[in-house]
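The values are calculated or read from the model by the stated rules, or taken from the named source; none is laboratory data. Computed from a predicted structure; not experimentally measured. Cβ placement follows ideal geometry from the backbone for every residue including glycine, while neighbour counts extend to all protein chains displayed.
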Amino acid sequence: MAKLVGPALAVLAVSLLVLLPWAPRAWGGKANVLFVEATQESKDLWTFSVTVSHDDQGPTHWADFWRVRTPEGKELGRRVLLHSHEGEQPFTRDAQIRIPSTVRIVVVEAHDKLHGLGGATVTLDLTKPAGQSYTVTRRRP
């Protein structure tokens, strides 16, 4: 047993030396959508104002877009984020997205460069004025 402990500790030590420099990048976690304001501009054109939270970690680990999709996964539009928001958390950005008049429910989710999708999302019912973490303003066409 004692003969195995020495090599096992050596492997553990080398593994830690290799993996520890990468750990801070993983600590940033996934990008989370905190709140969404949806405003109908015309029959099928909506402005989405989306608040995202993510512990951006410089050029390799930051929230790089948010998107609006159907519950089935069809992407309807996205807002690309061109830089890290390390000093601005949470942050809000907007985009105009066309939503077919037949779509009632949409999901807003954020993506980060390291983890991809998978953080907190907000699901909106576009026929209701408000819900959990969202508001909707409908214009009369």
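A few notes on this one:
- In region 54-63, residue farthest from the chain's Cα centre (by Cα) [restricted to those that are surrounded by 19 or more Cβ atoms within 10 Å (Cβ to Cβ) and not aliphatic (A, V, I, L, M)]: GLN57
- The strands (runs of 3 or more DSSP E) found entirely in region 66-141 that carry 2 or more residues being at pLDDT below 95 and surrounded by 14 or more Cβ atoms within 10 Å (Cβ to Cβ) are 91-98, 105-112.
- SER49 at pLDDT below 95, out of contact with any helix residue (DSSP H, G or I) (no Cβ under 8 Å at 6 or more places or on another chain) and hydroxyl-bearing (Ser, Thr, Tyr): no
- Number of the exception - LYS43 against (1) crowded, with 20+ Cβ neighbours inside 10 Å; (2) in contact (Cβ under 8 Å) with a residue 40 or more places away in the chain: (1)
- Region 46-78, subset hydroxyl-bearing (Ser, Thr, Tyr) and free of Cβ contacts under 8 Å to residues at least 40 places away in the same chain, residue farthest from PHE91 (Cα to Cα): THR70
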